[in-house]
Amino acid sequence: MAAFFCNALPFAMFSLGQQTIDSGVAGVLNATTPLWSLLIGVVIGSERGLRPVRLAGLLLGFAGVVLIFAPWQTTGQVGWGALAIVAAAASYAVGFAYMGRNLVGKGIPTISLSAAQLIAATGLTALTLPAGGLTPIDIGPKTLVVVLILGVVATGATFHLTYRLIAAEGATNAATVGYLLPVVSVALGPSCSARSSASGSSPGWWSCSSGSA
């Protein structure tokens, strides 16, 4: 469940959604995860005694993200792609709620939980490989290094820390790190696109992936 809702499904939604919207809009929409997490927490009863101040803080945080990065100024198309990103954000919230309710606090080390989740996610995402075509691709050493950085740092270490955050602070509080995502997506998005277009190869993605990781 955690591998599906926190890895397989959102990764698929991001790959579909960002075909039509840019990284800035995707980052802002992904920052709705705390709101979905709060809503789910209220529904399943894990968020008890929700104070108006906390609710107002979460809403104000999302409003601040929207106002700062102004996604309505984008020239890209916002339609099904935006809905896919919102679905990914909601999927993360479902996964966080499941992790907090059924996985953490059971005496299992967080490193074991995160490792098991990512192994299961690898199996789930492998099922989607035929959808991208079966044509062989040439993967150079720089691309492999980028994939390694994104896999180990941006995914492996991140989910280990996520489990620790959920165990210590709860699913909703852990989800608020989503407010940081637009900073990276807006700052590095244009740079990655420009460098990739100019070079036609991997160095642009190499530098941007290293920075985002």
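Coordinate-derived values only; no laboratory data. Since the structure is predicted, the reported quantities are computational estimates derived from the model, not experimental observations. Neighbour counts are summed over all protein chains in view; Cβ atoms, including those assigned to glycine, are modelled from backbone coordinates with ideal geometry.
Things worth noting here:
- Using a simple spin-label model with pseudo-atoms 7 Å out from Cα toward Cβ, Ala168 and Asn102 lie 2.6 nm apart.
- Projecting label points 7 angstrom from Cα along Cα→Cβ for Leu150 and Leu60 puts them 3.7 nm apart.
- With Cα atoms defining each centre, segment 11-34 and segment 92-126 are spaced 22 Å apart in the structure.
- Ranked by how many other beta carbons lie within 10 Å on average, peptides 168-175, 112-119 from highest: 168-175, 112-119
- Spin-label model distance (nm) - Leu134 vs Leu83, 7 Å beyond Cα toward Cβ: 3.2
- Counted by Cβ distance under 15 Å from Ala2, the other residues give a net charge of +3, where Lys and Arg count +1 and Asp and Glu count -1.
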